[in-house]
Amino acid sequence: MKILKYLFFILLIVFIAGAIYVATKDGEYQVEETAIINAPVSVVFNEVNNFKNWEEWGPWMDDSDDIIVTYTDKTIGETASYSWKSDEMGDGSIKNLKVIPESAIDQELIFKSPYGESKSDVYWNFVEVEEGTKVTWGIKGNQSFREKLGFTFMDQSFSEMIRPMYKEGLEKLNKVVLKKMSAYSVNVDGVTTYGGGFYMYTTTATKVSQIQSKMEKMFADVSLYMEKNNISSMGNPFVLYNKWDEQNNSAIYSTGYFTPSLIITPAESTVLNGMMPVQKVIKTTLKGDYRNLKEAWNTAYKYSQDNDLPVHPDSPAFEVYVITKDKSPNPADWVTEIYIPLLQTEEPTL
């Protein structure tokens, strides 16, 4: 009996010592990972701010075969939330507590496990950098006694377990954002009549590779001239391709804005006036980044060949910019209409 009592007291001392060790063990944790995504801040922010998007890059979504996600009526912005159930991972929920557009998101994460229910503070920060967006994803909190006890017998600490998940999540986020930004479509709308009209423009000649970089300043010059002279514009900006020499990598082109009426400019003005005639055209629509314009043009010209629609040799083709980066930072949302003038005069099919 004395031996049993002795053993009991030893076990009791060990238990008390262990409990004291666990209780005094630092349970505070903070883990954060950072990544640079080559995308505008607003695009990255909007991707994270919508919980339904998390299915595509959330690192835990692939870690369980039985996870069931339930969304609330609100999945974007402050008070948005979703929850999940999983026998493998445990149950939990996450909710947006504070959202600063294109800057930061603060969230509350509740996780239910065999160690009980725990709460953590999750935070996101979005900062514009030269390469695009610097994204920081972090989590912080304090472990309960049961959680500290459980992790005492595990090979990894809580921080060591979470860090690779956050790193993987940011890597997936990067891929998803870039993939969505690169989405595009080309559609030949067919033959229609373009109304034409008066316009203000400026013309230059450059290498084909320099067109996109030069156009921005040209549009600004025309816009500034019209603003200074109280000239109103109509519709969307456009570019006329006066001459295109693929072989020599050169082009002559004009950027302009339509106006309600004819505007007479001084002889010394670099901004001129013109008039586009009413004409039959092949209309093609590109939705997506301008890097896909070559494919859109090729598709349009192939349509003219396949349908025996001769292109007008003396009437320049042109692009109209319906949605640009001024209206949406995401290239996948940009809309460019291509118009190729035709010789024939049949009725439009649109």
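The values are calculated or read from the model by the stated rules, or taken from the named source; none is laboratory data. Note that this is a predicted model, so its numbers are computed, not measured. Note: ideal-geometry Cβ built from the backbone for every residue, glycine included; neighbour counts use all protein chains shown.
When the range 202-237 is limited to residues that are part of a strand (DSSP E or B) and either among the aliphatic types (A, V, I, L, M) or free of Cβ contacts under 8 Å to residues at least 40 places away in the same chain (or both), the one that is farthest from E337 (Cα to Cα) turns out to be A205. If you go through the range 143-171 and pick out every residue that is over 16 Å from F45 (Cβ atoms), buried (at least 17 other Cβ atoms within 10 Å of the Cβ) and modelled with pLDDT of 90 or more, you end up with 2.
Looking at the range 263-329, none of the strands (runs of 3 or more DSSP E) lying wholly inside it contains 3 or more residues that are surrounded by fewer than 16 Cβ atoms within 10 Å (Cβ to Cβ), within 37 Å of the chain's Cα centre (by Cα) and among the hydroxyl-bearing types (S, T, Y).
Only one of S42, S83, S93 is among the hydroxyl-bearing types (S, T, Y), within 23 Å of the chain's Cα centre (by Cα) and at pLDDT 80 or above; which?
S42
Could you check, for the range 10-26, whether at least one of its residues is surrounded by 16 or more Cβ atoms within 10 Å (Cβ to Cβ), under 22 Å from S118 (Cβ atoms), at pLDDT below 80 and not small (G, A, S)? So far as the range 10-26 goes, yes, one or more of its residues are surrounded by 16 or more Cβ atoms within 10 Å (Cβ to Cβ), under 22 Å from S118 (Cβ atoms), at pLDDT below 80 and not small (G, A, S). State which residue is surrounded by the most Cβ atoms within 10 Å (Cβ to Cβ) when the search covers only the range 219-242 and only residues that are closer than 23 Å to D314 by Cβ and aliphatic (A, V, I, L, M). Among those residues, the one meeting the criterion is V239.
Of the set (1) under 27 Å from N292 (Cα atoms); (2) touching a residue at least 40 places away in the same chain (Cβ under 8 Å); (3) out of contact with any helix residue (DSSP H, G or I) (no Cβ under 7 Å at 6 or more places or on another chain), all apply to K179 but (2).
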